């Protein structure tokens, strides 16, 4: 029993999902940094939207320490920003992953608290998940670190079992964080009168920042579609943790999450938020489930290729017979 427990704890799990999360999350953060590159001094500079005096006062009250406490000079912001872009690129491609994750977390943490008025729920959960990702093995797959490690032989460290336990614990906490997010969001929706009445999506889509011209009007003019979207959103979020308890309904939870966030990203102009949330969904499948999906995909692909070839051969033989 003890041997089985030790084997269970000391075996790294969800390595593929963690690596996919790293790549997807890094892509989103890199887009965020490049998108705001020209306006970085306006958003985070000493004379920008949130001046240094107010930033220092607010962070002092909350007990927050960031890199911007070291200096408020424009050259320092430029240095932090460019180092951040480099760190996120390394993080995304998986080069020196552990070090790149540390720098990515520090940069994102500092930018998040330097101007908290331009953040959203997506930035908040990224900040939390990045912290736990510091303790996980995020560069095992789809990374330069893996390519480089295959070229050299390395002996296992004595600390390897402890590293595995730490990785598994970090992954578990990140999954629980995601589950808690969906559950609490669903519960708060249930308590809202607009969600109970089936009109919440209508009023949310009427906010000017969330309008998709030509599409939003078509959606909110359909009473049945509005009610369906409202109730299905609540049902998905409340049932999400229970769907994960079964190996088959888990795929339904993932499909629902992808559809839900894709719809939110497109219809409500929250593309980056949805990208962040979808990035975390990769954690919900085990390595064996990913291998099973890949195997099934290869089987379906080979059958499809064989079918196309057979049809082409039949057409060719028919042409020869007619000719």
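Read the figures in this text as sums done on the coordinates, not as results from a lab. These numbers come from a predicted model, not from an experiment. Ideal geometry is used to build each Cβ from the backbone, glycine not excepted, and the neighbour counts take in all protein chains shown.
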When the chain is treated as a Gaussian network with springs between alpha carbons less than 10 Å apart, the largest mean-square fluctuation among 150, 137, 311 is found at 311
Region 13-190: translational diffusion in µm²/s, Stokes-Einstein, Kirkwood Rh over Cα pairs, 20 °C, 1.002 mPa s: 121
Part-to-part distance (alpha-carbon centres) for region 76-100 and region 248-314, which is given in Å: 29
Would you please state the base-10 log of I(q)/I(0) at q = 0.09, 0.16 1/Å for the chain, with intensities from the Debye formula using one equal scatterer on every alpha carbon? -0.62, -1.39
Kindly provide the Kirkwood hydrodynamic radius of region 1-118 in Å, to one decimal, from all pairs of distinct alpha carbon atoms. 16.0
How big, on average over all directions, is the shadow cast by the Cα convex hull of region 152-246, in nm²? 11.0
Could you list 62, 146 so that the one with the fewest beta carbons within 10 Å of its beta carbon is first and the one with the most is last? 62, 146
Between residue 165 and residue 64, take the C-beta separation as r, use R0 = 41 Å, and let me know the FRET efficiency to the nearest 0.05. 0.85
With a Cα-only, solvent-free Debye model of region 240-323, what are the log10 I(q)/I(0) values at q = 0.16, 0.18, 0.21, 0.24 Å⁻¹? -0.76, -0.86, -0.99, -1.09
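For the chain, what is the calculated [θ] at 222 nm in deg cm²/dmol (nearest 500), taking -39500 (n - 2.57) for each run of four or more DSSP H residues and dividing by its residue count?
Working: 16 runs with 239 residues, N = 323.
For the chain, the value works out to -24000 deg cm²/dmol.
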